[in-house]
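Here is the structure we will look at, set down as structure tokens.
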Amino acid sequence: MAIISCPGCGKKVSDKAASCEHCGFLLGAHDTDSLAQQAALKRADRLNALITQQMVALLLFIAGLGGTFYDWGGEGWTSHISTVIAPSVAGVSFIWYAITRGRIFILKRQR
């Protein structure tokens with residue numbers, strides 16, 4: 001008896017179980033190869049989503065840095081763009097980028 005990850009929810013279940021006790025995915029209807037293939041596809045989709053988030057965070061970081069050093073030359077709320085708003089966007093997007101990189105690293109180590 002082996003413990004496998006459920007293709008439906010990703011939680012650990014027995015390979016002898018007929019269905020997942022967590023989400024109800026029918027395991028008995030699939031063989032071991034198709035279950036492994038579904039799990040690999042789900043992992044690849046998750047990795048692609050994380051890479052997309054990483055790229056968006058990187059673009060926002062670059063835009064925040066550009067907005068910080070650009071001379072907006074305005075009055076009112078535009079005077080706060082280069083001093084408050086743009087550095088805040090750069091900081092938040094850098095943190096988002098770092099967290100996403102960590103999640104990608106953890107996902108790749110879980111082979």
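The values are calculated or read from the model by the stated rules, or taken from the named source; none is laboratory data. What you see is a predicted model, and the numbers here were worked out from it, not measured in a lab. Cβ atoms come from the backbone with ideal geometry, glycine included; neighbour counts cover every protein chain shown.
Key figures
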{"read-out": "Residue satisfying all of: in region 22-41; surrounded by 14 or more Cβ atoms within 10 Å (Cβ to Cβ) and either touching a residue at least 60 places away in the same chain (Cβ under 8 Å) or in contact with a strand residue (DSSP E or B) (Cβ under 9 Å, 6 or more places away or on another chain) (or both); nearest to residue 103 (Cα to Cα) among these", "value": "39"}
{"read-out": "Neighbours by Cβ (under 6 Å, 6+ apart or cross-chain): first from region 84-111, within 24 Å of residue 65 (Cα to Cα); second of a type in the set (Ser, Thr, Tyr) and in a helix (DSSP H, G or I)", "value": "86/68; 87/68"}
{"read-out": "Failed criterion for residue 93 (all others in (1) closer than 27 Å to residue 109 by Cα; (2) touching a Phe, Trp or Tyr at 6+ places or on another chain (Cβ under 9 Å); (3) at pLDDT below 90 hold)", "value": "(3)"}
{"read-out": "Looking only at region 1-11, and only at residues there that are loosely packed, with under 11 Cβ neighbours inside 10 Å and not small (Gly, Ala, Ser), the one that is modelled with the highest pLDDT", "value": "3"}
{"read-out": "Flag if residue 80 is of a type outside the set (Gly, Ala, Ser) and part of a loop (DSSP other than H, G, I, E, B)", "value": "no"}
{"read-out": "Whichever residue in region 96-111 is at pLDDT below 95 and not hydrophobic (A, V, I, L, M, F, W, C) and, among such residues, is farthest from residue 53 (Cα to Cα)", "value": "111"}
